[in-house]
Amino acid sequence: MTKKLLLVTASIVALSAAAPAFGADLAARPYTKAPPAPVAAIYDWTGFYIGINGGWGSSHNSWDFLGVVPEGSHDATGGTVGGQIGYRWQFGQWVFGVEGQGNWADFSGSNVSTAFLADSNRTKIDAFGLITGQVGYAFNNVLLYAKGGAAVTSNRFSVNSALTGVELARTDETRWGGAVGAGVEVGFAPGWSVGVEYDHLFMQDGTVTFVTPAGAVASDRIRQDVDLVTARINYKFGGPIIAKY
(Lines give C-alpha, C1' and ligand atoms only; values in the text may rest on other atoms or scores of the structure.)
Protein backbone atom coordinates (compact mmCIF):
# COMPACT_ATOMS: atom_id res chain seq x y z
CA MET A 1 0.00 0.00 0.00
CA THR A 2 2.80 2.36 0.92
CA LYS A 3 4.58 1.52 -2.35
CA LYS A 4 1.47 2.41 -4.41
CA LEU A 5 1.09 5.70 -2.52
CA LEU A 6 4.70 6.60 -3.28
CA LEU A 7 4.20 5.86 -7.00
CA VAL A 8 1.06 8.04 -7.23
CA THR A 9 2.82 10.88 -5.39
CA ALA A 10 5.83 10.68 -7.72
CA SER A 11 3.56 10.78 -10.78
CA ILE A 12 1.76 13.90 -9.54
CA VAL A 13 5.07 15.64 -8.87
CA ALA A 14 6.38 14.75 -12.35
CA LEU A 15 3.24 16.04 -14.05
CA SER A 16 3.41 19.29 -12.07
CA ALA A 17 7.00 19.83 -13.12
CA ALA A 18 6.26 19.11 -16.81
CA ALA A 19 3.21 21.43 -17.04
CA PRO A 20 5.13 24.81 -17.16
CA ALA A 21 7.54 23.45 -19.78
CA PHE A 22 4.61 22.26 -21.93
CA GLY A 23 2.94 25.65 -21.63
CA ALA A 24 6.21 27.35 -22.57
CA ASP A 25 6.46 25.17 -25.67
CA LEU A 26 2.94 26.21 -26.68
CA ALA A 27 3.78 29.94 -26.24
CA ALA A 28 7.05 29.78 -28.13
CA ARG A 29 5.63 30.10 -31.64
CA PRO A 30 7.81 31.42 -34.48
CA TYR A 31 7.59 35.22 -35.08
CA THR A 32 6.26 36.26 -38.47
CA LYS A 33 6.77 39.88 -39.64
CA ALA A 34 3.58 41.64 -40.78
CA PRO A 35 3.40 42.21 -44.56
CA PRO A 36 4.38 45.73 -45.63
CA ALA A 37 1.63 48.24 -46.34
CA PRO A 38 0.71 48.62 -50.03
CA VAL A 39 2.91 51.11 -51.86
CA ALA A 40 1.01 54.04 -53.34
CA ALA A 41 1.74 54.50 -57.05
CA ILE A 42 2.07 57.92 -58.67
CA TYR A 43 1.60 58.35 -62.43
CA ASP A 44 4.53 60.26 -63.88
CA TRP A 45 3.56 62.64 -66.72
CA THR A 46 7.15 63.57 -67.59
CA GLY A 47 8.35 62.57 -71.05
CA PHE A 48 7.85 62.75 -74.80
CA TYR A 49 4.47 61.71 -76.18
CA ILE A 50 2.84 61.25 -79.56
CA GLY A 51 -0.83 60.69 -80.36
CA ILE A 52 -3.82 61.10 -82.61
CA ASN A 53 -7.02 63.12 -82.23
CA GLY A 54 -10.36 63.49 -83.92
CA GLY A 55 -13.58 65.37 -83.43
CA TRP A 56 -15.65 68.33 -84.60
CA GLY A 57 -15.04 71.97 -85.40
CA SER A 58 -16.94 75.12 -86.28
CA SER A 59 -15.59 78.32 -87.82
CA HIS A 60 -17.60 81.54 -87.61
CA ASN A 61 -16.97 83.84 -90.58
CA SER A 62 -18.27 87.38 -91.14
CA TRP A 63 -17.83 89.03 -94.56
CA ASP A 64 -17.82 92.80 -95.23
CA PHE A 65 -17.64 93.99 -98.85
CA LEU A 66 -14.70 96.45 -99.21
CA GLY A 67 -14.47 96.28 -95.44
CA VAL A 68 -17.52 98.46 -94.86
CA VAL A 69 -20.65 96.84 -96.35
CA PRO A 70 -21.87 93.86 -94.27
CA GLU A 71 -22.65 90.74 -96.30
CA GLY A 72 -23.65 88.51 -93.40
CA SER A 73 -22.08 85.63 -91.51
CA HIS A 74 -22.05 81.85 -91.61
CA ASP A 75 -20.63 78.91 -89.66
CA ALA A 76 -18.34 76.47 -91.45
CA THR A 77 -18.65 73.15 -89.60
CA GLY A 78 -17.45 69.59 -90.00
CA GLY A 79 -15.09 66.87 -88.83
CA THR A 80 -11.37 66.80 -88.23
CA VAL A 81 -8.61 64.24 -87.61
CA GLY A 82 -4.93 64.73 -86.92
CA GLY A 83 -1.99 64.14 -84.64
CA GLN A 84 0.03 65.77 -81.87
CA ILE A 85 3.52 65.48 -80.42
CA GLY A 86 4.88 67.08 -77.29
CA TYR A 87 6.89 66.95 -74.09
CA ARG A 88 5.81 67.38 -70.47
CA TRP A 89 7.68 68.05 -67.22
CA GLN A 90 6.11 67.18 -63.85
CA PHE A 91 7.13 69.02 -60.64
CA GLY A 92 5.18 67.65 -57.70
CA GLN A 93 1.59 67.78 -58.89
CA TRP A 94 2.20 70.59 -61.40
CA VAL A 95 2.76 69.65 -65.04
CA PHE A 96 4.17 71.91 -67.76
CA GLY A 97 4.48 71.12 -71.44
CA VAL A 98 4.80 72.16 -75.06
CA GLU A 99 2.90 70.63 -77.98
CA GLY A 100 2.59 70.81 -81.75
CA GLN A 101 -0.63 69.67 -83.44
CA GLY A 102 -1.59 69.34 -87.10
CA ASN A 103 -5.05 68.39 -88.42
CA TRP A 104 -6.87 67.79 -91.65
CA ALA A 105 -10.32 69.36 -91.58
CA ASP A 106 -13.53 69.61 -93.56
CA PHE A 107 -15.25 72.70 -92.15
CA SER A 108 -17.53 74.32 -94.70
CA GLY A 109 -20.51 76.68 -94.76
CA SER A 110 -22.08 79.55 -96.69
CA ASN A 111 -24.69 82.30 -96.67
CA VAL A 112 -26.43 84.39 -99.29
CA SER A 113 -24.89 87.85 -99.35
CA THR A 114 -27.15 90.45 -97.77
CA ALA A 115 -25.58 93.11 -100.02
CA PHE A 116 -25.64 91.11 -103.29
CA LEU A 117 -28.55 88.68 -103.24
CA ALA A 118 -27.36 86.91 -106.39
CA ASP A 119 -24.15 85.85 -104.63
CA SER A 120 -23.42 83.24 -102.00
CA ASN A 121 -20.30 83.56 -99.85
CA ARG A 122 -18.62 80.29 -98.90
CA THR A 123 -15.81 79.38 -96.47
CA LYS A 124 -13.94 76.09 -96.26
CA ILE A 125 -11.15 75.19 -93.81
CA ASP A 126 -9.20 72.13 -94.94
CA ALA A 127 -6.39 72.14 -92.36
CA PHE A 128 -5.20 73.81 -89.17
CA GLY A 129 -2.27 73.68 -86.78
CA LEU A 130 -1.50 74.63 -83.18
CA ILE A 131 1.75 75.36 -81.35
CA THR A 132 0.96 75.71 -77.65
CA GLY A 133 2.32 75.68 -74.13
CA GLN A 134 0.52 73.81 -71.34
CA VAL A 135 0.14 74.09 -67.58
CA GLY A 136 -1.71 71.42 -65.65
CA TYR A 137 -2.37 69.87 -62.26
CA ALA A 138 -2.18 66.10 -61.79
CA PHE A 139 -4.28 63.96 -59.49
CA ASN A 140 -2.13 60.84 -59.87
CA ASN A 141 -3.16 59.49 -63.32
CA VAL A 142 -5.70 62.28 -64.01
CA LEU A 143 -4.38 65.51 -65.53
CA LEU A 144 -6.35 68.76 -65.83
CA TYR A 145 -4.65 71.36 -68.02
CA ALA A 146 -4.98 74.67 -69.83
CA LYS A 147 -3.09 75.65 -72.97
CA GLY A 148 -2.39 78.65 -75.15
CA GLY A 149 -0.26 79.69 -78.11
CA ALA A 150 -0.35 80.17 -81.87
CA ALA A 151 -2.79 78.83 -84.45
CA VAL A 152 -2.87 78.66 -88.24
CA THR A 153 -5.72 77.78 -90.63
CA SER A 154 -5.74 76.92 -94.32
CA ASN A 155 -8.80 78.54 -95.92
CA ARG A 156 -10.62 78.66 -99.23
CA PHE A 157 -12.99 81.61 -99.66
CA SER A 158 -15.28 81.57 -102.69
CA VAL A 159 -18.15 83.55 -104.19
CA ASN A 160 -20.82 81.39 -105.86
CA SER A 161 -24.01 82.04 -107.72
CA ALA A 162 -26.84 81.87 -105.20
CA LEU A 163 -29.13 80.54 -107.96
CA THR A 164 -27.02 77.88 -109.67
CA GLY A 165 -24.16 77.29 -107.20
CA VAL A 166 -21.57 77.93 -109.93
CA GLU A 167 -18.30 79.27 -108.52
CA LEU A 168 -17.71 82.86 -109.66
CA ALA A 169 -14.42 83.60 -107.88
CA ARG A 170 -12.24 82.14 -105.14
CA THR A 171 -8.98 82.59 -103.27
CA ASP A 172 -6.89 80.42 -100.92
CA GLU A 173 -5.37 81.92 -97.81
CA THR A 174 -3.26 80.86 -94.82
CA ARG A 175 -4.28 82.78 -91.73
CA TRP A 176 -2.46 83.05 -88.36
CA GLY A 177 -3.91 83.77 -84.96
CA GLY A 178 -3.95 82.72 -81.32
CA ALA A 179 -5.36 79.71 -79.47
CA VAL A 180 -6.54 78.97 -75.93
CA GLY A 181 -7.94 75.71 -74.64
CA ALA A 182 -8.43 73.26 -71.79
CA GLY A 183 -8.64 69.53 -71.40
CA VAL A 184 -8.58 66.48 -69.18
CA GLU A 185 -6.40 63.42 -69.75
CA VAL A 186 -6.42 60.05 -67.95
CA GLY A 187 -3.60 57.48 -67.88
CA PHE A 188 -5.19 54.04 -68.23
CA ALA A 189 -2.25 51.71 -68.99
CA PRO A 190 1.57 51.87 -68.95
CA GLY A 191 2.43 54.70 -71.34
CA TRP A 192 -1.14 55.22 -72.62
CA SER A 193 -3.60 58.01 -71.89
CA VAL A 194 -6.89 59.26 -73.32
CA GLY A 195 -8.52 62.63 -73.05
CA VAL A 196 -10.88 65.25 -74.39
CA GLU A 197 -9.99 68.85 -75.25
CA TYR A 198 -11.69 72.13 -76.19
CA ASP A 199 -9.87 74.89 -78.11
CA HIS A 200 -10.87 78.33 -79.34
CA LEU A 201 -8.88 79.96 -82.14
CA PHE A 202 -8.81 83.74 -82.51
CA MET A 203 -7.81 84.29 -86.13
CA GLN A 204 -6.63 87.60 -87.54
CA ASP A 205 -9.05 89.66 -89.57
CA GLY A 206 -7.95 89.75 -93.20
CA THR A 207 -8.84 91.35 -96.50
CA VAL A 208 -9.36 88.79 -99.27
CA THR A 209 -9.17 89.80 -102.94
CA PHE A 210 -11.31 87.99 -105.51
CA VAL A 211 -10.63 88.01 -109.25
CA THR A 212 -13.41 86.68 -111.49
CA PRO A 213 -12.71 84.84 -114.77
CA ALA A 214 -13.86 88.02 -116.53
CA GLY A 215 -11.14 89.99 -114.74
CA ALA A 216 -13.34 91.84 -112.27
CA VAL A 217 -11.68 92.50 -108.91
CA ALA A 218 -13.43 92.78 -105.56
CA SER A 219 -12.41 92.39 -101.96
CA ASP A 220 -13.98 91.42 -98.64
CA ARG A 221 -12.75 91.84 -95.11
CA ILE A 222 -13.36 88.51 -93.37
CA ARG A 223 -13.37 87.99 -89.60
CA GLN A 224 -12.88 84.42 -88.42
CA ASP A 225 -12.73 82.37 -85.24
CA VAL A 226 -12.84 78.62 -84.69
CA ASP A 227 -14.12 76.29 -81.95
CA LEU A 228 -12.80 72.72 -81.66
CA VAL A 229 -13.79 69.70 -79.56
CA THR A 230 -11.55 66.66 -79.96
CA ALA A 231 -10.93 63.29 -78.33
CA ARG A 232 -7.26 62.31 -77.99
CA ILE A 233 -5.14 59.25 -77.32
CA ASN A 234 -1.43 59.55 -76.51
CA TYR A 235 1.50 57.21 -76.00
CA LYS A 236 4.28 58.46 -73.69
CA PHE A 237 7.77 57.10 -74.05
CA GLY A 238 9.31 55.83 -70.80
CA GLY A 239 7.99 54.23 -67.63
CA PRO A 240 4.70 55.73 -66.46
CA ILE A 241 4.82 54.96 -62.74
CA ILE A 242 7.12 55.95 -59.89
CA ALA A 243 6.82 54.14 -56.55
CA LYS A 244 6.12 56.37 -53.58
CA TYR A 245 7.96 55.19 -50.44
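The values are calculated or read from the model by the stated rules, or taken from the named source; none is laboratory data. Small disclaimer: the values here were computed from a predicted structure and weren't measured. Cβ: placed from backbone, ideal geometry, glycine included. Neighbour counts: every protein chain shown. Protein only, heavy atoms only, side chains kept; ligands, DNA and RNA dropped before computing areas. Shrake-Rupley method; radii C 1.70, N 1.55, O 1.52, S 1.80 Å.
Some points to look at:
- For segment 79-104, the tally of residues that are open to solvent by less than 20 Å² (accessible area, probe 1.4 Å) and in contact with a Lys or Arg (Cβ under 9 Å, 6 or more places away or on another chain) stands at 5.
- Listed by first and then second residue, the pairs linking a residue in segment 100-123 that is over 30 Å from G148 (Cα atoms) to a residue that is of a type in the set (V, I, T), with Cβ atoms under 7 Å apart and 6 or more places separating them unless they lie on different chains, are A115/V69; D119/V159; S120/V112; N121/V159.
- Subset of segment 183-215 [over 30 Å from V142 (Cβ atoms), in contact (Cβ under 8 Å) with a residue 40 or more places away in the chain and aliphatic (A, V, I, L, M)]: M203, V208, V211
- A Cβ distance below 7 Å, combined with a sequence gap of six or more or placement on separate chains, defines the contacts here; from segment 134-146, residues that are farther than 21 Å from Q101 by Cβ and hydroxyl-bearing (S, T, Y) reach residues that are part of a strand (DSSP E or B) and open to solvent by 20 Å² or more (accessible area, probe 1.4 Å) in the pairs Y137/W94; Y137/L144.
- The test for being within 24 Å of S110 (Cβ to Cβ), among the hydrophobic types (A, V, I, L, M, F, W, C) and open to solvent by 20 Å² or more (accessible area, probe 1.4 Å) holds for L168.
- Residue in segment 204-225 that is more than 23 Å from T114 (Cβ to Cβ) and modelled with pLDDT of 95 or more present: no
- G238 vs. criteria open to solvent by 30 Å² or more (accessible area, probe 1.4 Å), within 22 Å of F48 (Cβ to Cβ), not in a strand (DSSP E or B) and not hydroxyl-bearing (S, T, Y): yes
- Check on F157, more than 28 Å from the chain's Cα centre (by Cα), open to solvent by less than 40 Å² (accessible area, probe 1.4 Å) and within 17 Å of M203 (Cβ to Cβ): yes
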